[in-house]
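**Q** This is the structure I have questions about; it appears just below.
The values are calculated or read from the model by the stated rules, or taken from the named source; none is laboratory data. The model shown is predicted, which means the values in this text are computed figures rather than measured ones. Neighbour counts run over all protein chains shown; Cβ positions are idealised from the backbone, glycine included. Ligands, DNA and RNA are stripped out before the accessible areas are found, and what is left, the full protein with its side chains, is counted by its heavy atoms. Shrake-Rupley method; radii C 1.70, N 1.55, O 1.52, S 1.80 Å.
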Amino acid sequence: MDAAAAMEKQQQPGGEEEEEVISSVRYRGWKSMPYVIGNETFEKLGTIGTTANLLVYLTTVYHLPSVRAATLLNFFSGTTNLAPLLGAFLSDTFLGRYTTIAAASLASCLGMLVLTLTAAIPSLHPPPCTASSSSSSCQGPTHGQLAALLAAFAFLVVGAGGIRPCNLAFGADQFDPRTDSGRRGIASFFNWYYFTFTVAMMLSATLIIYLQSNVSWAIGLAVPAALMAISCALFFMGTRLYVRVRPEGSPFTSFARVIVAAVRKRRVPAPASADDLFDPPHQSKLVAKIKHTDQFRWLDKAAVVTAEDAVVDGMSAAAANPWRLCTVQQVEEVNLLAWIIPVWSSSIVYYVMLTQLGTYTVFQVMQSDRRVGRSGFEVPAGSMVVFNMVALTAWLPVYDRAVVPALRRVTGREEGITAIGLNELCYKESPESMRSVAGALSPLALAVASYASGAMVTAVERATGWLAQDIDKGRVDLFYLVVGAMSAANLAYFVVCALWYRSKNIADHGGVELLQTSSKHNADAPPAMAV
């Protein structure tokens, strides 16, 4: 088919078959929520309760030096947050969200069981330090003991890789996005999702850490392991009620095709207008049609129909070779990523700062007087992160009830300002075909930050000696000044990216948004833990 015929073909309607398939889906909505929300609540209690106090576990039970423990924890945190990108790819391309979450939940449960055994079985961890021993002379872990610890970490990484990018989208899958009640259900689900996250963080940072630090590490790790087992049981109990969205193929393939096609046609003259581009009728009722934009115009060449391009007939026009000719929709989806990535990248330095809450801030607390009054009660070192969550919890109603109305009067916008949470930005502004991948972008930023933080800790210690084993003999204050200077420079970078950013522009026809959200119910989860 020639270019003229392809343009004519674009005007033909279609999509009845897909609409019939969509209408046959039986959404159970809130009937499935006790299992979905119950699974997520107990999963968070289990995994957060396990990872929240790991630094103390590594230094007091495994007797690792502070720098080595911080580096290992940063590497574990980075890998844990990098794995969701692979999990999202497997979910969207092959497995689907149900199968991915099911396998990941079992892996997390197994990982926490192994970690519990490292504390419960004496041969799996170093012997306690004697009363006369200094911290430097305590026996460290053997290769076998370290292998058991790393095996537990590996299972936890697999679990996080499948659960983190899929659980939010899987919950939203259970509601019909075409109805008002379904959209309200999705919004309410987001409220419950972040509420349970906050509750899990608070309980983990207080009760579970208290059990670990003041009662027994074996009991303190067995409790979250049992909670994760309950999470798995709840998830599988609701299997017959779930809507399982089939994987539609990797969005990375579509993005790669646009880049390849644009490079192949780099010498083709730029199109005079959008009317000259290959833009067949939009068939999907689940993926929104995106309007053509004039930014990154060189990518438009991927949608230019040349004499070498063949277009085949069917329900709608389609390229015979998708690596040579792409649609306007595919090009615009790549444009969306090109706008999101710079803003997303500005969060990396912020997460570098955040990782200090789980490393050297904990070391400071461990050398502080944590006794409360004369009762003899000592606040566990890992519980200090609760103050960060309390401050955030206290700030949110002030922001919602006082700051936003004041800003609304100044800007005239309903939401007060256009800066929104990173999770909301990635989920709302990304193409619907990569919503699982969008769920992995925040963990990906945290992964990069964790690796960077680990490397920075090692480099600073070797170059300056600021991060001594004894905090009082080092200069942690200067280390924090370096991190603060990085944050100040990053703020300027973010402002530039925010001014350059362009929001997704949905066409008035063809396709509907799966989810309409606002910053009230889709805010970022409290950034209290870097693991």
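**Q** Write down the accessible area per residue of region 172-224 in Å², having rolled a 1.4 Å probe over the full set of protein chains.
**A** Ligands and nucleic acids excluded, the figure is 41 Å² per residue.
**Q** Still on this structure, I have one more. Any chance you could list P(r) for region 339-509, counting all Cα-Cα pairs in 10 angstrom bins from zero, rounded to whole %?
**A** 8, 25, 32, 22, 11, 2, 0
**Q** Another question, then. Ordering W323, W339 from largest to smallest accessible area (1.4 angstrom probe), what's the sequence?
**A** Most to least solvent-accessible, the answer reads W323, W339.
**Q** Once you place label points 7 Å from the Cα toward the Cβ at A402 and S123, how far apart are they in nm?
**A** Result: 6.1 nm between the two label points.
**Q** Let me ask something additional. Taking the Cα-to-Cβ direction at R246 and at R371 and moving 7 Å from each Cα, how far apart do the two end points lie in nm?
**A** 6.7 nm
**Q** Follow-up question, since we're still on this one. Where the accessible area of region 339-509 is counted over protein heavy atoms with a 1.4 Å probe, how much of it, in %, is carbon and sulfur?
**A** Reported share for carbon and sulfur atoms: 63 percent.
**Q** Once you place label points 7 Å from the Cα toward the Cβ at V199 and R475, how far apart are they in nm?
**A** Those two pseudo-labels are separated by 4.8 nm.
**Q** FRET efficiency for V390 and T93, Cβ-Cβ distance as r, R0 = 30 Å, nearest 0.05?
**A** About 0.15, to the nearest 0.05.
**Q** Sorted by average packing, counted as other Cβ atoms within 10 angstrom per residue and highest first, what order do 394-407, 196-209, 231-244, 33-46 take?
**A** So the order, starting with the most tightly packed, is 33-46, 196-209, 231-244, 394-407.
**Q** Taking the mean number of other Cβ atoms within 10 Å as a proxy for protection, how do you rank 166-175, 490-499 from highest to lowest?
**A** Ranked from most to least packed, the peptides come out as 166-175, 490-499.
**Q** May I pose another question? If R₀ is 45 angstrom, what is the calculated FRET efficiency for the pair D275 and T411, using the beta carbon separation as r and rounding to 0.05?
**A** Here the calculated transfer efficiency is 0.80.
**Q** Sort 58-64, 361-367 by the packing proxy (mean of other Cβ within 10 Å over each peptide's residues), most packed first.
**A** The densest-packed peptide leads the list: 58-64, 361-367.
**Q** For S345 and V482, FRET efficiency with R0 = 30 Å and r from the beta-carbon atoms, rounded to 0.05?
**A** Here the calculated transfer efficiency is 0.90.
**Q** Work out, step by step, the length gained on full extension between I506 and F296: first 0.36 nm times the residue separation, then minus their alpha carbon distance; give nm to one decimal.
**A** Result for the pair: 73.8 nm of gain on full extension.
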